[in-house]
Every structure is written in structure tokens, then in C-alpha cells.
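*Asks:* Just passing along the structure, written as C-alpha cells.
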Amino acid sequence: MAANEVIPLHPSSIDIVKDYGSALSDILYSKFGCVASFDGVDMETGARFAQQRGADVVPEERFTVRLQAGVKVSVWKADLTCFPAEAVVNAANSSLQHGGGLALALSTAGGPQIQKQSDNYIYQNGKLKTGDVIVLDAGLLKYKKIIHAVGPDLPHNPSKNEVSLAEPLLQKVIWEILDRVKECHLRTVAIPAISSGLFNYPLPKCADTIVLMVKQYYECYSPQGYIPKEIFLVNNDEPTVREIERACHQIFAPQQPMSYSQAAAPNTKAATRASPTTVQIGNVHLTLKKGKIEEQHVDVIVNTASPYGNLSTGQISNAILTKAGDEMQKEIVKAHSMGYIKVTRPYKLKCKEVYHTFCVSKVESRGSQILINSLADCLYRAAGSNYKSIAFPAIGTGNLGFGKQEVASMMLHSVVDFSQKTKAKMDVNFVIYPSDKDTYQAFEEEIRSFAPSASHSSFTPADERRDFHSSRAPTPQITLSGPSEESVAEARKWYHDLFNMHLPVNICNNFILHFGEKDYHKLSRLMKSGVSIEEVFTQGYACISVKGQSKLHGIAAVLQVEEMLCKIQEDFVSEEVGEIGELSNGKVSYERQTISKSSKEFAERLVAFKKPQCVVKVEKVENPALKALFKLKMNQLKCRTSQKMFQRLPAQFCEMISHIGFHSECAPPEDPKYGEGIYFARTVEKAMDLWKQKTDEFLYFVEAEVLTGNDTPGKPEFILPPPVGSDPLHIFDSVYGPDVAVIFSTYQALPKYIITCKKV
């Protein structure tokens, strides 16, 4: 049963959530399947992590004007690590330590020489002061130069007086930047919204100051000599881009009132004739409109693709592929599944990401449920990524054989269910192809039947809609929404542990063993930003010890390391899914179905526990692909029977094991004294002895069928079973200890039940 919980954000945690909220959301979703939605916190203006990860933004020009001096000024939404200009401005700190935000993104993309040159400058010249601007080389970046500018750094929620005192410093920074452009004879330069976001300078005031200084520099003062070709005002998050655009309209072209949103609105005849149908459902604003899905300007566009990933199959998918370009097809082949969807970049589409659903025909087993699950995955994934708008086509009304009214009902009720289980604010758009009148009518009837017939306030034309995003900011808080009480409890515990941690923090996760060169490069960047990081390997466990100069630095570093581990785990799962699919010659899908407490199947699971009252939930795992490989392994090992055994594991790996089976990374024992394989216990008591990880509330066990075959006593040094005789290629099937079995092939065990217990 779905659950949610509201957690107030204390002042000490607001800055972290503001700067790293996107990473925090991704981690909570990846680990526990929980969506984190934030209220009372401006997530996007504090775009430290978004800039750091270089969110793949298709360069998009929003405004342009040519000044009297001859220089062109334009506003762009784009990624500053690869923007086509001769120089880029970095919002630097006084020590030129590039440990976060745009600075880290540029430093990472540009290679170690950027930080090294910055360190040399500080060593020779000392720290910079607020308002200082210097020019250094750009390393491996395509720019000729990086202009490092130290803007004013204000406290959280600065007073009017503090902003007033900082304004001359921001003006000085912009002036100095343009001076450096002139001195270096740079033809073009990309300038971000310096001091906004992380440095807490109010965004509207920041935008006005930057634009006004550019105007004064080139028009009021009209400096003699060199004039650059173009000044690019570039940011990668929508709120900042909009504010810079607004400031440009007001300062450069007040006679042109058209906003970007008006310019980008559909201008087809069909869009002009048809007013969208809208309804408010909690915090979700649902809009039904006619249009082309590939033309939508939203955060997320949803595609309905063929099960084999051929985007040219199907009208909707082919239209999206044609608009986006062939690179999308190349990416989706490598993309890993996230539940019932795959995520790709937008390429030439006007969105941030594309969610590709892979539904099956109505006549196939669980066809309707898969469609519903796909809709839910899209909504929760978008909310977990802090996106505010998503566009769906009429999924399933084509080749999949679902009725139009049936699809309309399923899609509407999925949105209603989402609105009831999360407080995330979302604009949801159902986009119907203009000529498909029957489908539009079916959706319109479904929505009208849902909306209160006597209430015009809940069912109004789009141009009269209430803008809930503009209402007074609520108390800062985080809402955790998850599929169960246990998942929310685990997410809450992890969140509280993060913000109440004592340094150093030990992150124990055997996916650390999968770190590659890029991951170690990120760790080295963190260490140069004032964070101490040490790797520890002991007793089969891999740990990273994190210690920061302050608690704030420590939490930020922990979030970045945790996100790296989540990404590695996702890639690992993706690779395994591909291999399982090839070996089983089928699609890899799974289901965790909760067993009724009154059933015989539930009662049979209780027998293994000394305290049956501790069992709160039993879920049956169905994974046809794993089952097929298990049977093949049984034939290969010539086993007639399997053994029922148990494994205890952390909450974050329950979903992974249901998807791709057992792996040694998920549940290393307290003492791997029988070898470096995958451990199972014959009893729950033995499982508690093998795995002693601490827990506050819930424990998770997997009941499995295990093929032990021809086994032999284990030893700590075994990385594979030893040879049976003199032939090194003829090895035992597994090894054992007292009430313990250790296998070395994931296909020798099949997950059957996940049993959740509550500490008594």
C-alpha cells in the first residue's frame, strides 16, 4: 500500500536541499523507490548539481538584440561546458577551488590542468577578492579561455540591505568581465547568472543587474577600440533563463511585450480553434489538448515504443524519432530500463528528457496492468526528478488494441492516483493528434465525467486556469511518497541519518569495487574541494570514509558519492538485463505480488521464523527469464532438486534481486570465511548470524531456491569452487559451511519470496 510522509526542512538542511535536491531525489528513488518532492525551496535556481552533471540541454536561443555599438546580445538555454563561444565565465570562489556547480562541471570536462593552473595562480598571487576577475586557460574545453569571476556571496534569505550592499560588487564583476573580453580580443563570451542560486543573490535582481551592466558598458559608455561580436547570456535551468530573458525585454526592448512562452506556443490552425480542456486534481493540473506530441514544450515527453526498441515502429514513436533525430535511436539501444520505462535525452525536442514506455498488446498477459504501471513510472519518475510538466500521447489506442474510452479511463485514474499519493505539483498534458477526433472525444468525456458537473472552478479553459506555482511559498518541507510504509520508513531513516551524521561517514557498498577511472577522477575533484576521502576494504566489505571541513561539505560529498554508486548500480542492472535477455531468449520482466495474510502461502512462510508476528509482508517474485535460466542451470548441474534457503539484504537491493537475481555485491556476509561468492543460510537464525547489519525497524529476507549440486567445504581464499580432482576445469558446483551454502553463479539461485519483518 502506498504511503507518504512530510518532513520539515530545518534551516541547516535547506541549503543542501536547494543545491543538491536533484541528487537527493535520484538517490531516494534509486535506493527505496520513493519520490521526494520539495515545498518552500527554490530547487532550480540553486542549480549546483544540475550544472555539475551538465544536464544535456539542447542549445536554445530565447532572445536577441543588436546594440548601437554593434555588439549582439542573446539569451540562451544551454550547457555551459560545451557552448560554442570563445570564452566562458566561471562563477568562482576566492580560492579557485572548483568543487561544485558550474566550476566543477567545467573543471571535470576540461581536465586536471584547470584546477592545477588555478592552484598555481592562488599560490603565486594569493586569494581573490569579491569583484575580482582573472583569465586562465581552458584545458580540454573547446573554449580559448575561462574567465574566473568572484561574485558576491550572500547568506540564505538575504535582507534588502545585504542585497543593496552587494549590488555594486556584482556590477563591478560584470564590468570587469567585459574588460577582460576587450583586453583578450575575444569575439564571443558566454556569461551565466553569476551569484544567483548557490550564492543566494535574488534571481530577478541578479538578472536586472547583469543585463543593465551589459547595456551600460556598450551603449552608455561606448568604449573605444575593440568590440566583440556577441555576448551570450547562458544558463541551463528554466527559471534563470526566463528571468534573464525578462530582464532583456524590459531593458533592451520594452516596446516588444511578447514573452518567450507566447512565442513558443503552438500556432497551428487546430491549436487556434480548439481550447484545451483542463481540470485541477489536487496539486496536479491536467490538460487535454489537440496537438503533436513531438512539438510539446514541457519537461518530459512520453513516447510509446515497440517492445524491441525500434523507434521507427508506430506513428507516435516514429514522429518523435523524426523530430529528435537518429541519435535517439542509438541511445535507446544502450539505455537501461527503469521499471517500465527507458529514459533518453531529448536531442531536437523541446523537453528535458523523453520517457519511452514499452507496453504490450491488450490480449497479452497483464497487458492492462503493464500500461497502468508504465503511466505510474512516468509520473513518479518525473516528480522524483523535480520536473513540473509532462506530456502523454494516448498510449495503447493504436496497434496495442486498447479501446479509446478504456485508455482514457486508465490514464485519468493513473493521474488521480498519483495526485493522491504525492504532494508533487505537476502539469500533466494529454496530447491528442489534431485529426483524431474520436480519441479526443473519448478523453474529453472521461474528464468531464470526473470533474464536478456543477463546479466551473475545477473545470475551466486553460487561459483561465489558476497558477498554483505562483502562490505564496509554503513552509520548507520534503514529502516522501513511496510504494509502501516500509519504503518510506527506510527513505526517512536514510534522510535523517544523512542530516544528523557525525564525521567521518562510512559508506559501505560493494559497488565501490566497480569504480572506474571517471569515478576516481570525481573523487579526486572532491578531495581538492576540502573533502577527505579514504577507501577501506575489509572482511569482504568495500567502504568509503568521507570527512569534510564542515558538516555541510561532508553531506554534499556523501550525496555525490551515493549518486555515483546509484549510477553504477543502474548500469550494472542494465548490463545484466541485456545478458539475461540474450541467454533466455526473452524479455526480462518481473513482478512482486503481495501475498494475502490469510492465505496458506503466507502461513507457510511464517514457519521459518521463531517470532511469526514479526512478519509484516510477504511478496512473491515472478521473473520468467530468471526461472528459465534456473532450469537450464539445473539441467547443466544434473540437479534433481533445489534447496530452500535464505538471504538477508539491505532494503535498497530488494528490487534489484527481483529484477536480475542474486549477486555478491548485494549481500556480503559479516565474515566471508567460505569464499568470495553468493551466500545463503539454511535458516532465518543463521541468516541473522551471517548478516549483522544494523537496522532500526525493518529486516528483509529473500527466500530462494538454491542449486548446491556437488559441493565441498569452503575456505576464505576461494574465488571459485575448487577442482573436483586433478582436472582444473572440472570444479565443484558450490561450497558450504555449517548451515551455509555459497554459490558462484547467479543462475544457481532463484528468488521466490521477499519477506519483510518488523523488529519486535
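The values are calculated or read from the model by the stated rules, or taken from the named source; none is laboratory data. What you are looking at is a predicted structure, and each value in this text was computed from that prediction instead of being measured. Note that each Cβ is placed from the backbone with ideal geometry, even for glycine, and that neighbours are counted across all protein chains shown.
*Asks:* Go through (1) under 26 Å from the mean Cα position of the chain (by Cα); (2) in a helix (DSSP H, G or I) one by one and return the number of the condition D79 breaks.
*Replies:* (2)
*Asks:* I'm trying to understand the selection: among the residues of region 142-173, which are modelled with pLDDT under 90, under 32 Å from the mean Cα position of the chain (by Cα) and over 15 Å from S94 (Cα atoms)?
*Replies:* K142, P155, H156, N157, P158 - these are the residues of region 142-173 that are modelled with pLDDT under 90, under 32 Å from the mean Cα position of the chain (by Cα) and over 15 Å from S94 (Cα atoms).
Condition check ((1) out of contact with any helix residue (DSSP H, G or I) (no Cβ under 9 Å at 6 or more places or on another chain); (2) buried (at least 20 other Cβ atoms within 10 Å of the Cβ); (3) touching a residue at least 24 places away in the same chain (Cβ under 8 Å); (4) farther than 24 Å from I580 by Cα) across all residues:
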{"residue": "D689", "(1), (2), (3), (4)": "yes, no, no, yes"}
{"residue": "K715", "(1), (2), (3), (4)": "yes, no, yes, yes"}
{"residue": "Y736", "(1), (2), (3), (4)": "yes, no, yes, yes"}
{"residue": "D739", "(1), (2), (3), (4)": "no, no, yes, yes"}
{"residue": "A749", "(1), (2), (3), (4)": "no, yes, yes, no"}
{"residue": "K752", "(1), (2), (3), (4)": "yes, no, yes, no"}
{"residue": "K759", "(1), (2), (3), (4)": "no, no, yes, yes"}
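*Asks:* Among the listed residues T397, T357, T322, which satisfies the condition of being without any contact (Cβ under 8 Å) to a residue 60 or more places away in the chain, in contact with a helix residue (DSSP H, G or I) (Cβ under 9 Å, 6 or more places away or on another chain) and closer than 23 Å to Y590 by Cα?
*Replies:* Among T397, T357, T322, only T357 is without any contact (Cβ under 8 Å) to a residue 60 or more places away in the chain, in contact with a helix residue (DSSP H, G or I) (Cβ under 9 Å, 6 or more places away or on another chain) and closer than 23 Å to Y590 by Cα.
*Asks:* Scan region 362-397 residue by residue and report those that are in a loop (DSSP other than H, G, I, E, B) and over 18 Å from S22 (Cβ atoms). Don't jump to the end; show me each part of the working.
*Replies:* Residues of region 362-397 in a loop (DSSP other than H, G, I, E, B): 362-366, 385-388, 393-397.
Across region 362-397, the qualifying residues are K362, V363, E364, S365, R366, P393, A394, I395, G396, T397.
*Asks:* Ok, one more. State whether the residues of region 573-592 include one that is in a strand (DSSP E or B), touching a residue at least 12 places away in the same chain (Cβ under 8 Å) and within 34 Å of the chain's Cα centre (by Cα).
*Replies:* Looking for residues that are in a strand (DSSP E or B), touching a residue at least 12 places away in the same chain (Cβ under 8 Å) and within 34 Å of the chain's Cα centre (by Cα), one finds at least one in region 573-592, hence yes.
*Asks:* Test of understanding: among N506, N510, which residue is buried (at least 17 other Cβ atoms within 10 Å of the Cβ) and out of contact with any helix residue (DSSP H, G or I) (no Cβ under 8 Å at 6 or more places or on another chain)?
*Replies:* Being buried (at least 17 other Cβ atoms within 10 Å of the Cβ) and out of contact with any helix residue (DSSP H, G or I) (no Cβ under 8 Å at 6 or more places or on another chain) holds for just one of N506, N510, which is N510.
*Asks:* If you scan region 146-188, which residues turn out to be charged (D, E, K, R) and either closer than 21 Å to L203 by Cα or not in a helix (DSSP H, G or I) (or both)? Walk me through how you get there before you give the answer.
*Replies:* Taking region 146-188 as the starting set, the residues that turn out to be charged (D, E, K, R) are 153, 160, 162, 167, 172, 176, 179-180, 182-183, 187.
Across region 146-188, the qualifying residues are D153, K160, E162, E167, K172, E176, R187.
*Asks:* Let me ask something else. In region 691-701, which residues are assigned to a strand (DSSP E or B) and without any contact (Cβ under 8 Å) to a residue 60 or more places away in the chain? Lay out the reasoning, then the answer.
*Replies:* At the first step, the residues of region 691-701 found to be assigned to a strand (DSSP E or B) are 698-701.
Selection gives Y700, F701.
*Asks:* Here's something else I'd like to know. Kindly establish whether K77 is out of contact with any Lys or Arg (no Cβ under 8 Å at 6 or more places or on another chain), of a type outside the set (F, W, Y) and either surrounded by 15 or more Cβ atoms within 10 Å (Cβ to Cβ) or assigned by TED's automatic domain parsing to the domain that holds R242 (or both).
*Replies:* Against the criterion (out of contact with any Lys or Arg (no Cβ under 8 Å at 6 or more places or on another chain), of a type outside the set (F, W, Y) and either surrounded by 15 or more Cβ atoms within 10 Å (Cβ to Cβ) or assigned by TED's automatic domain parsing to the domain that holds R242 (or both)), K77 does not qualify.
*Asks:* While we're on this one: Kindly provide the set of residues from region 419-451 that are under 18 Å from N373 (Cα atoms) and either at pLDDT below 90 or over 22 Å from the mean Cα position of the chain (by Cα) (or both), ordered by number.
*Replies:* Of everything in region 419-451, those that are under 18 Å from N373 (Cα atoms) and either at pLDDT below 90 or over 22 Å from the mean Cα position of the chain (by Cα) (or both) turn out to be S419, Q420, K421, T422, F430.
*Asks:* Another question, then. Suppose we filter region 525-546 for residues that are farther than 13 Å from V558 by Cβ and either free of Cβ contacts under 8 Å to residues at least 40 places away in the same chain or not in a helix (DSSP H, G or I) (or both); how many remain? Explain how you work it out, then say what you get.
*Replies:* We begin by selecting, within region 525-546, every residue farther than 13 Å from V558 by Cβ; these are 525, 527-530, 534-542.
Remaining after also requiring either free of Cβ contacts under 8 Å to residues at least 40 places away in the same chain or not in a helix (DSSP H, G or I) (or both): 527, 529-530, 534-542.
Going through region 525-546 one residue at a time, the tally reaches 12.
*Asks:* Next question, about the same structure. Looking at (1) part of a loop (DSSP other than H, G, I, E, B); (2) among the hydroxyl-bearing types (S, T, Y); (3) under 30 Å from S589 (Cβ atoms), which one does Y674 not meet, given that it meets all the others?
*Replies:* The single condition Y674 does not satisfy is (3).
*Asks:* Here's another thing I want to ask about it. Within region 601-626, count every residue that is in a helix (DSSP H, G or I) and buried (at least 18 other Cβ atoms within 10 Å of the Cβ).
*Replies:* 4
*Asks:* Sticking with this one: Those residues that are of a type outside the set (F, W, Y), part of a helix (DSSP H, G or I) and farther than 16 Å from P650 by Cβ, I need them from region 489-504; list them, please.
*Replies:* Listed by number, the list holds a single entry, H496.
*Asks:* Right, A109: touching a residue at least 24 places away in the same chain (Cβ under 8 Å) and part of a helix (DSSP H, G or I) or not?
*Replies:* So A109 passes the test.
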